[in-house]
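Report on the following structure.
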Amino acid sequence: MSMARASFGLAYPDRFYAAATYAGFGDSSPKVTSKFSNDVALLLYALHQQATVGPCNLPKPRGWSPVEQRKWTSWNGLGNMASSEAMRLFVKILEEEDPGWYSRVSDFIPVPVVDVEMNHNSKSELPTNNETTLPEMKTIPTENGHSVDKDVMVEVVGPVGVYDQWVAPSVSGTHPKPRYEHAAAVVDDKMYIFGGNHNGRYLNDLQTLDLRNWTWSKVEVKASSEDSVRVTPCAGHTLIPWEGNKLISVAGHSKDASEEVNVKAFDLLTCTWSTMKTYGKPPISRGGQSVTLVGTTLVIFGGQDGNRTLLNDLHILDLETMTWDEIETVGVSPSPRSDHAAAVHAERYLLIFGGGSHSSCFNDLHVLDLKTMEWSKPSQQGDIPSPRAGHAGVTIGESWFIVGGGDNKSGVSETVVLNMSTLSWSVVTTVQGRVPLASEGLSLVLSSYNGEDILVSFGGYNGKYNNEANLLKPSYKSTLQATRAGAPALDSVSGAQNAANGTRDVDLEFEAGQEAKFREISVENHEPQKNEVNEVSERSLAALKAEKEELEKALSNEKSQSDELKQELIEAETKNSDLYKELQSLRVQLAGEQSRCFKLEVDVAELRQKLKTMESLQKELEILQRQKAASEEAFAKQKQSSGGVWGWLAGTPPSPTDA
């Protein structure tokens with residue numbers, strides 16, 4: 001599993017001890033278990049010792065025992081690793097080697113029983129006529145003990161008849177596989193779920209829940225076009241709806257991770273995946289990051305790379321030009337983290353809340369001014385949430401709703417809301433028990449039903465993998481209370497404007513009354529100035545129109561230049577591709593020529609060696625020839641002077657004439 005922190009369910013130490021018992025390390029003197037390969041078993045042993053005993057302070061074994069030597073080496077190699085990190089790694093490795101271990105540990109640990117029975121009947125029938133039948137509801141129990149009658153819910157407003165309470169609808173169709181760290185998005189009243197993590201295995205399926213008839217179905221992905229691709233299973237990614245008929249998947253952990261962040265698009269019309277070509281320098285591959293859509297730009301912050309290094313860098317992707325850009329910021333950035341939540345306020349302020357490192361979770365709030373690119377850490381007001389990571393959030397107007405998450409010990413049961421103008425927190429509701437809403441890695445989307453906003457959560461992990469869908473209709477009451485608290489706003493202008501806004505009903509009444517009063521005062525006291533005001537307004541309007549036309553012309557020129565640059569870039573890339581191919585061909589030819597040259601050099605060396613040998617033989621031959629000539633000459637002289645050889649041998653004295 002690819003997690004920034006330990007997942008929870010039970011208190012995490014309990015989960016570790018259950019895993020240790022299951023793996024065979026539960027006795028007082030753990031041995032290398034035979035359930036796994038030698039290397040895995042030794043690593044589990046070392047992590048168990050690090051978690052339960054601490055760093056290895058024992059001297060290296062002197063006896064010649066290979067097993068004891070390797071056990072000591074594995075344990076000692078962990079250094080000063082924290083006990084909590086050793087526990088997390090122990091459970092992580094166990095889940096990778098034996099994904100189904102947790103379902104087989106009922107003999108080791110008691111599993112709390114949730115009082116609420118979720119109604120998920122996959123065989124429930126849809127209505128045969130054209131009438132819309134509303135799903136039966138069951139209420140998630142809250143801390144204050146309130147409950148809601150399901151008949152009242154159906155009669156009042158359909159799927160959600162009360163405010164600020166989570167309910168579980170009865171849905172039909174085949175439920176998706178339980179998961180967490182998946183991604184979700186809503187397009188045309190359909191919630192799409194993509195990827196995620198299940199029992200340590202990454203997923204790449206695409207499921208959809210029709211929010212009109214509450215029916216699950218699997219999207220059959222096609223591969224008919226040349227540009228279509230098979231998406232690698234992943235988790236910790238982000239899904240963004242775009243252009244009405246596309247889903248953009250950004251980043252995420254996968255087993256075959258690339259070095260850079262990948263951006264893929266799913267076409268809802270053709271049901272095909274494709275890789276989106278980007279320009280510039282993309283960020284390094286990561287998961288657990290936040291991706292926030294601001295206008296036509298994606299703002300990416302933080303996450304964790306493939307080496308488990310936590311990040312706090314900031315990148316943007318312009319979806320019109322598909323160009324990456326790394327942003328240099330001023331001020332104090334948030335500490336490196338993953339599995340945090342992010343939102344944008346007034347199309348200007350990026351808010352980062354919570355997240356986690358390898359050993360701890362955060363509840364800090366950071367704000368980035370996207371105009372000045374300056375970080376700040378404002379003070380929070382109201383019921384400040386506890387530290388958490390793996391939570392999910394959505395915004396409705398000035399309200400930022402946060403659901404779920406965990407702190408390495410337990411799941412977070414509160415659903416909270418932040419007024420982004422006043423930075424004041426309120427608790428919306430609290431769930432009881434180990435329910436999916438108190439999970440890490442769940443998803444949260446915003447939809448509507450009968451003209452009212454509803455929050456839809458799905459999945460998560462809290463000791464078990466979930467595939468539940470739950471709904472909540474916010475009342476905005478906590479937003480009104482936070483606004484009236486008078487806390488400092490992010491921006492004085494937007495804060496003053498938003499301070500006058502409470503709930504939608506109060507807004508309408510207040511604004512209508514103020515407008516009527518303003519008209520009365522204008523008629524009574526400012527009628528003589530009416531013509532002057534109109535003249536000033538007309539001049540201002542004309543100036544604004546002229547400025548707008550100039551800006552539109554400038555924008556048109558910029559777009560034209562951008563298109564020209566795109567075309568030049570495409571031509572340059574094509575030319576570069578041709579040159580690269582030509583270079584490759586020349587490299588092949590050069591390699592061949594180099595090979596031939598090398599062979600010729602070898603042949604020349606051999607010939608030179610032979611030539612040296614021939615020169616040596618020639619010299620020896622000349623010496624022998626001279627010796628032979630000398631010998632023959634001497635022999636001829638002796639023959640003439642001695643009457644022949646036989647006379648010389650007989651000792652005949654030379655004649656006087658010879659003397």
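Details
- With the highest mean first, a sort of the peptides 586-598, 397-409 on other beta-carbon atoms found within 10 angstrom per residue produces 397-409, 586-598.
- The range 137-497: relative contact order as a whole-number percent, Cα under 8 Å and 6+ apart: 14 percent
- With contacts taken as Cα pairs under 8 Å at a separation of at least 6 residues, the range 188-331 carries a relative contact order of 15 percent.
- Of the peptides 298-305, 327-334, the order by per-residue mean of other Cβ atoms within 10 Å, starting with the highest, comes out as 298-305, 327-334.
- Multiplying each eigenvalue of the alpha-carbon gyration tensor of the range 353-451 by 5 and taking the square root yields semi-axes of 22, 19, 12 Å, largest first, rounded to whole angstroms.
- For the range 205-286, the C-alpha radius of gyration divided by 2.2 N^0.38 Å, with N the number of residues, is 1.16.
- Dipole-positive endmost among Leu600, Ser585, Ser560 within the range 530-616 (Cβ charges, Cα centre): Leu600
- Radius 12 Å from Cβ of Ile248, net charge of other residues (Lys, Arg +1; Asp, Glu -1): 0
- Qualifying trypsin sites (Lys or Arg not before Pro) in the range 308-393, DSSP loop, other Cβ atoms within 10 Å at most 12: Arg308, Lys371
Any read-out appearing in this document is the output of simple, stated calculations on the displayed coordinates, not a laboratory observation. A quick note: this is a predicted structure, and the numbers were derived from the prediction, not measured. With ideal geometry, Cβ positions are generated from the backbone for all residues, glycine too; neighbour counts draw on all protein chains shown.
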